[in-house]
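Here is the structure we will look at, set down as structure tokens.
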Amino acid sequence: MPKFTYANVRICTNAEYKKGSDKKKIELEPPTKWWIAYKITFDTPVSYQPDKKHPTKKYQEPILTHYPKIYGKEYGVRFSPDSQTRAENDELADDLLRWVKNDLEAGLDPKTKGERELATAEEEQEKATGVTYDEAYQGMIKFQGWINPNPAQVLTAKSATGYFNRGFREFVSGIDKLHDVTKISREDLEKYITEKNDPNNDNGFWSIRTCQSKIDQFGYFFAPLIDNGKIEFSPITGMKKRLMKRLRKIHLQPIITKNRFEIWSDKELEDFHTVALKTKKGQFFRAIGMCCYHACIRRSEILRLKLSMYDRANKRFSIPSDLTKAHNKYDNNTLLHLQINDELFEIMESYVEMRFGADKNPDYPLFPSYQLITRHYNYTGFDAAYVRVVGKYLDNRKSPYALKHTAVTRFWHEQIAKGVHPGIVITKLMKKCRHSSPDQTIRYLTLDLGLDAEF
């Protein structure tokens, strides 16, 4: 509200005078009306009037000084000369004068009291019908099944709840919508993503890929609000494709030097074994790398495995389908069996004895955090530990997960060199990589690994 000064606050009645037909002031007693009059001058104009010098241009001249009249409805006061005595109306006028002065002294214009009360009532109504951030957060956890997540959702639940409990909460607090998250708009989210994608952002840069991932993650938060009828549409609907194009135009994206489909050379693989075998923690990362290399286990699966899924008797991994990327193709009771060759079996046996000893609880993670044997690693924690224990001693800075792609590439070249028909090789790799169709395998080989897999 603009600042103002005021003066001449007084009670007025039409008993003071009334203009007669001859335009003379005549007494009217008793009065039939009471009101409070005052002079108020604003620092900035709140209204305008036609400029007398330019009558064709409306609302050119600002009005700073006004002479309002308060008749009582703003304060719920009703003067009635018919049902109330003169003394009762005068006493009511005194109360009204006191209320008007109190508001003026508080920097509030009595003329806008009704508007302010209506806005306050609407705000309280919004709070009553809206959803607070804490309510939405708890609703998300319940809706997504993260209170007691199944094994396939443990890492996702941990990562998402951590972000929504800190990073996203800070963002919503910054736009002052913690009291009602249904007011979060697409514009709010686009501005947030755009700032995060700025390479000069001091609070951490998000690559295009990370921005896409975060937009998908926002869906966890808004899905229960739609399901409960709190919002009609999610603010992220249709946002990703359009925003990604815009980000590439307004921000110069850093050159990506790391490729998750990078291939290890023979020398790099030899150095990996040499470095990893020097320490017990190194053997942990060697076992993971060799699982990716020999069994083609995916990044999303490797840290979700439990000790019970390592079938030593039959030399295989038995992985529940709901832990895999293609879990929608199977029912919840399906086990996928991945055969373990002799080389990998020897590595796994050595690792399991070294890591678990006599305490081989089948519910332990197969590759647990070194801080707590019952805790699964998350991706960030694993990547940081790998660099600290093994990665910093290697020249290539490549991810051990990429050993899967290395094995696939080598298998392709070896089979083709032996004269095996490409269609047969693709069929073998489709089974080995657990792809849904030959087309998926061909896309993986050609687009991701850059192989000439046409036939």
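Any read-out appearing in this document is the output of simple, stated calculations on the displayed coordinates, not a laboratory observation. From a predicted model like this one, the values you see are computed outputs, not experimental measurements. Here the Cβ is made from the backbone with ideal geometry for all residues, glycine too, and neighbour counts use every protein chain on show.
Can you give the FRET efficiency for Asn201 and Asn378, using 1/(1 + (r/R0)^6), R0 = 22 Å, r = Cβ-Cβ distance, to the nearest 0.05? The pair Asn201/Asn378 has a calculated efficiency of 0.40. Around the amide H of Arg375, modelled in the peptide plane, lie the amide H atoms of Ser369, all under 5 Å away and 5 or more residues distant in sequence or on another chain. Once both labels are positioned 7 Å from their Cα atoms along Cα-to-Cβ, the gap between Ile11 and Leu108 label points is 2.2 nm.
The angle separating the long axis of helix 280-295 from the principal Cα axis of greatest extent in the chain is about 80 degrees.
Sites listed here are GluC sites (Glu not before Pro) in the range 227-313 whose DSSP assignment is loop and whose Cβ has at most 13 other Cβ atoms within 10 Å: Glu232. Using alpha-carbon pairs under 8 Å, 6+ residues apart, how would you state the relative contact order of the chain in percent? That works out to 10 percent. Given axes a ≥ b ≥ c from the Cα gyration tensor, I'd like to know whether the chain is rounded (a/c under 1.5), prolate (a/b larger than b/c) or oblate. Taking the square roots of the gyration eigenvalues as a ≥ b ≥ c, the chain is prolate. In the chain, the longest principal axis of the Cα atoms and the axis of helix 186-196 are about 60 degrees apart. Where does the charge balance sit around Asp109 when Lys and Arg score +1, Asp and Glu -1, over other residues with C-beta under 11 Å from its C-beta? Computed value for this residue: +1.
Full extension of the chain between Ser437 and Ser318 yields a length gain of 40.7 nm, computed as 0.36 nm times the residue separation minus the alpha carbon distance. Here the label points at Glu268 and Lys101, each 7 Å from Cα along the C-beta direction, are separated by 8.4 nm in the simple model. For the chain, what proportion of DSSP beta bridges, expressed in % and rounded to the nearest 5, is antiparallel? For the chain, the DSSP antiparallel bridge percentage is about 100. The Ala417 and Tyr393 beta-carbon pair, evaluated with R₀ = 35 Å, returns a calculated FRET efficiency of approximately 0.60. Counting only aspartates and glutamates at least 8 places from Lys196 when in the same chain, those with an alpha carbon closer than 17 Å to its own are Glu170, Glu187, Asp188, Asp216.
Legend: calculated FRET efficiency, Ile424 to Leu447, from the Cβ-Cβ distance at R0 = 22 Å, rounded to 0.05, equals 0.55. Does the range 138-203 come out rounded, prolate or oblate by the C-alpha gyration tensor, with a ≥ b ≥ c the root eigenvalues, rounded set by a/c under 1.5 and, if not, prolate when a/b is larger than b/c and oblate if not? Oblate shape, in that a/c is at least 1.5 and b/c is the bigger or equal ratio.
Loop-only chymotrypsin sites (Phe, Trp or Tyr not before Pro) in the range 205-311, please: DSSP not H, G, I, E or B, and at most 13 other Cβ atoms within 10 Å.
Listed in order of number, the matching sites are Phe233.
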